[in-house]
Amino acid sequence: MQTTSENAPQTALRFDNRFTRELPADPTPGNFRRQVTGACYSRVEPTPVAAPRLLAYSREVAELLDLHPRVWEDHAFTEVLAGNRVLSGMDPHATCYGGHQFGNWAGQLGDGRAINLGDVVNERGDRWTLQLKGAGPTPYSRTADGLAVLRSSVREFLCSEAMHHLGVPTTRALSLVGTGEQVLRDMFYDGHPKPEPGAVVCRVAQSFTRFGHFEIFAARGDTALLRRFAEYTLRTDFPHLGEPSRDTFIAWFEEVCRTTARMIVHWTRVGFVHGVMNTDNMSILGQTIDYGPYGWLEDYDPDWTPNTTDAAGRRYRFANQPGIAQWNLVQLANAIYPLIEQAEPLQAAVTGYAETYLQEWRDMMAGRLGFDSYRSDGDEALIDELLEILQLTETDMTIFFRRLGEWHVRPAEAATLDDNALLDPLMPAYYTPESLSEDTRSRTVKWLHGYAQRCAQDGLAPADRREKMHTVNPRYVLRNYLAQLAIDEAENGNDDGISELLEVLRHPYDDQPGKEAYAAKRPDWARHRPGCSMLSCSS
Ligand code: AMP
Ligand code: MG
């Protein structure tokens, strides 16, 4: 490990490590697995790797950190992003948290393969934590190796940035670095582990604090540390709420309920399924965090989960996400109860979550359909019927809504057109258009007549409605098979596909001439291919 300034990259990163300065550290030195009590983190160095190679980076995240574009040409900076070099000013550490996994309390988890390098403060005064994922074991690694494979790192890198460009709150990814080392993984959990290329992602967020950070101190009955950590969180991440007090703790929890509701509404809009919504994977900032066996809805199936580990119970299926987020908020409420000692305000906030979710979901759906605003006198039935129709036959959700933005028929005109003409613009959304049943066709046509009438009520010009819809219904999302194609290429030594895909995903709402292939429905070969239709937690 090099911590010298000799040949150090010229990054001008300014570190101000408030987390490690203000919170108690694990007094035990050494990088071995253990239970850590009475502390929020353990200092730990990343493990150097054999041959780091920069595979991709995000220029937008680099800008957040005031990084000069030339750093990408400096191998010494790649070494920093691989964990081979620690810059002066950094204070590498792994944090302690617990969590409920699949509904059960799991005890101490912690950053088992994540190492925070430190907090950067940029010229605008914004604070960003840099975190390496996959840079070796920490005291929280339990029985695992602290490493990450290339395929899951490509997925995390691309999805963080894709989500950001879609307008979904998320942690970010600065870089993807191949380690030049192999990592052993049993991808199918069938007793046949295989060496795979390793990688490290440098994640960036205002904070990586999770619900589980509060849960661990509460579970251990360490109210003093719970209070200290909550006060730190309020002062650092929620300064607008004022000095910590019982009232500000309540206002804080209410805000977490609201931001979490908003995040889930966004997931619903873009068709994102997280796959592992355990409380340790819930950000206190209401941001999408920990991209593991996530997936994107292709055909609209509310029961779909990408996570093979969840295939039996489907706890984390698409339609369950709003309810699970609320369940997770209840766990957070239980954890912070000792700071408030009143159940009512916490219960009211959890109820407020459901209200915020419903209201924002309605606004979001009205926006997707191009309406001025949600109308309580009829929009509910129209939306419900649409969501049922989408399930009658395999219908690509993203393509359907995008095409609907192009569908302009006035009510009087609709009455003169035959069913084929009405349905024609939507046909590209169907996976097997030739097998559309009569029932599906007639229900869809009937719905379209109602939709035409509803659009006419707003009186928006077709071009305006189209433009409005195209700002909330993306043309390009990180389809599961697109990520897999980029991974296949990268595993064969060609990493260009990652940056090419990222380039398209930078403008998900724009029609990009020449890039139509990235908006195509899932091809047949991807229907049952691991990585495309289903994923294990093995990453
Ligand atoms: P997840 O649900 O995948 O976000 O991870 C749950 C817990 O397992 C967290 O504490 C992770 O840090 C830890 N973990 C997952 N994979 C590894 C790994 N390869 N090595 C060490 N810890 C891991
Ligand atoms: Mg996690």
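The values are calculated or read from the model by the stated rules, or taken from the named source; none is laboratory data. Every value quoted in this text rests on a predicted model; they were computed, and no experiment measured them. Cβ: placed from backbone, ideal geometry, glycine included. Neighbour counts: every protein chain shown. These area figures cover heavy atoms from the full protein model, side chains too; ligands, DNA and RNA do not enter into them. Shrake-Rupley method; radii C 1.70, N 1.55, O 1.52, S 1.80 Å.
Quick check: the angle from helix 438-458's long axis to the longest principal axis of the chain, C-alpha only, nearest 10 degrees?
Tilt of helix 438-458: around 80 degrees.
Let me see the P(r) profile for the chain: every Cα-Cα distance counted, bins of 10 Å, each bin given as a percent of all pairs.
Each 10 Å bin holds this share of Cα pairs: 4, 18, 27, 26, 16, 7, 2, 0.
What is the packing order of peptides 420-429, 89-98, taking the mean over residues of other C-beta atoms within 10 Å and listing the highest first? It would help to have the intermediate numbers written out before the result.
Details: 420-429: 15.7, 89-98: 23.3.
Per-residue mean Cβ counts within 10 Å order the peptides as 89-98, 420-429.
Based on the Cβ-Cβ distance from residue 418 to residue 391, what FRET efficiency comes out when R0 is 25 Å, to the nearest 0.05?
My answer for the efficiency is 0.50.
Within the accessible area of the stretch 379-459, what % is carbon and sulfur when the probe is 1.4 Å and the other protein chains stay in place?
On the way: 1770 of 3650 Å².
About 48 percent, which is the carbon plus sulfur part of the accessible surface.
Quick check for you: with a 1.4 Å probe and neighbouring chains kept, what is the accessible area per residue of the chain, in Å²?
Working: 21140 Å² over 539 residues.
Ligands and nucleic acids excluded, the figure is 39 Å² per residue.
Within the accessible area of the stretch 182-295, what % is carbon and sulfur when the probe is 1.4 Å and the other protein chains stay in place?
Working: 1910 of 3630 Å².
Heavy-atom surface of the stretch 182-295 belonging to carbon and sulfur, 1.4 Å probe: 53 percent.
What spacing in nm lies between the two simple spin-label points modelled at residue 35 and residue 410, each 7 Å away from Cα in the Cβ direction?
Calculated label separation equals 7.4 nm.
Would you please give the residues with an amide H less than 5 Å from that of residue 55, counting only those at least 5 places away or on a separate chain, with H modeled from the backbone geometry?
176, 177, 178
Give me the angle, in degrees from 0 to 90, between the Cα long axis of helix 480-491 and the longest principal axis of the Cα atoms of the chain, rounded to the nearest 10.
It is inclined by approximately 40 degrees.
Run the simple label-point estimate for residue 432 and residue 496 please: 7 Å along Cα→C-beta, distance reported in nm.
3.8
Please report the antiparallel percentage of the DSSP beta bridges confined to the chain, to the nearest 5.
If I count the DSSP bridges inside the chain, around 90 percent turn out antiparallel.
Can you run phi through the Karplus equation (6.51, -1.76, 1.60; θ = phi - 60°) for the stretch 328-340 and list ³J(HN,Hα) in whole Hz, with x for Gly and Pro?
Karplus values, whole Hz, x for Gly and Pro: 5, 5, 5, 5, 5, 4, 4, 5, 8, 3, x, 7, 10.
How do 102, 15, 401 stack up against each other in accessible area, from largest to smallest, with a 1.4 angstrom probe? Intermediate results must be reported in sequence, preceding the final value.
Numbers: 102 70, 15 45, 401 0 Å².
Most to least solvent-accessible, the answer reads 102, 15, 401.
Going by the alpha-carbon gyration tensor, a ≥ b ≥ c the square roots of its eigenvalues, is the stretch 480-526 rounded (a/c under 1.5) or, if a/c is not under 1.5, prolate (a/b greater than b/c) versus oblate?
Numbers: a/c = 2.51, a/b = 1.30, b/c = 1.93.
Oblate is the answer for the stretch 480-526, as a/c is 1.5 or above yet b/c matches or exceeds a/b.
Quick one: Karplus J couplings for the stretch 47-62, per residue in order, coefficients 6.51, -1.76, 1.60, θ = phi - 60°, nearest Hz, x for Gly and Pro?
So the Karplus estimates, Gly and Pro as x, are 8, x, 10, 5, 9, x, 9, 6, 9, 6, 8, 10, 6, 5, 5, 4 Hz.
Could you order peptides 51-64, 18-31, 264-277 by the average number of other Cβ atoms within 10 Å of their residues, highest first?
Taking the mean over residues of other Cβ atoms within 10 Å, the ranking is 264-277, 51-64, 18-31.
Leaving ligands, DNA and RNA out of it, work out the accessible area of residue 243 with a 1.4 Å probe and give it in Å² to the nearest 10.
Residue 243 has an accessible surface of roughly 120 Å² with all protein chains in place.
Within the stretch 87-114, find all residues whose amide N lies under 12 Å from a label point positioned 7 Å from the Cα of residue 25 along Cα-to-beta-carbon.
90-94
Taking the Cα centre of each part, how many Å lie between the stretch 276-327 and the stretch 435-499?
The two parts, judged by their Cα centres, are 21 Å apart.
Under the rule of at least 5 residues apart or a separate chain, name every residue whose amide H is placed under 5 Å from the amide H of residue 170.
288
Among 292, 84, 27, which residue has its Cα positioned farthest towards the positive end of the charge dipole of the chain, with +1 placed on the Cβ of Lys and Arg, -1 on the Cβ of Asp and Glu, and the dipole taken about the Cα centre?
About the Cα centre, the residue reaching furthest to the positive side is 27.
Straight-line reach from residue 521: which lysines have a Cα under 26 Å away, not including same-chain ones fewer than 8 places off?
Straight-distance partners of residue 521: 446, 468.
Compute for the stretch 379-459: radius of gyration divided by Kirkwood radius, i.e. Rg/Rh, restricted to C-alpha atoms, rounded to two decimals. Walk me through the numbers on the way to the answer.
Working: Rg = 12.0 Å, Rh = 12.9 Å.
When Rh is taken as the Kirkwood radius, the ratio is 0.93.
In whole Hz, with x marking every Gly and Pro, tabulate ³J(HN,Hα) for the stretch 345-355 from phi via Karplus 6.51 cos²θ - 1.76 cosθ + 1.60, θ = phi - 60°.
Running phi through 6.51 cos²θ - 1.76 cosθ + 1.60 with θ = phi - 60° gives x, 6, 4, 4, 5, 5, 5, x, 4, 5, 5 Hz.
Which value, in debye to the nearest 20, describes the size of the charge dipole of the chain about its Cα centre when Lys and Arg Cβ atoms bear +1, Asp and Glu Cβ atoms bear -1, and nothing else is charged?
Dipole size: approximately 1000 debye.
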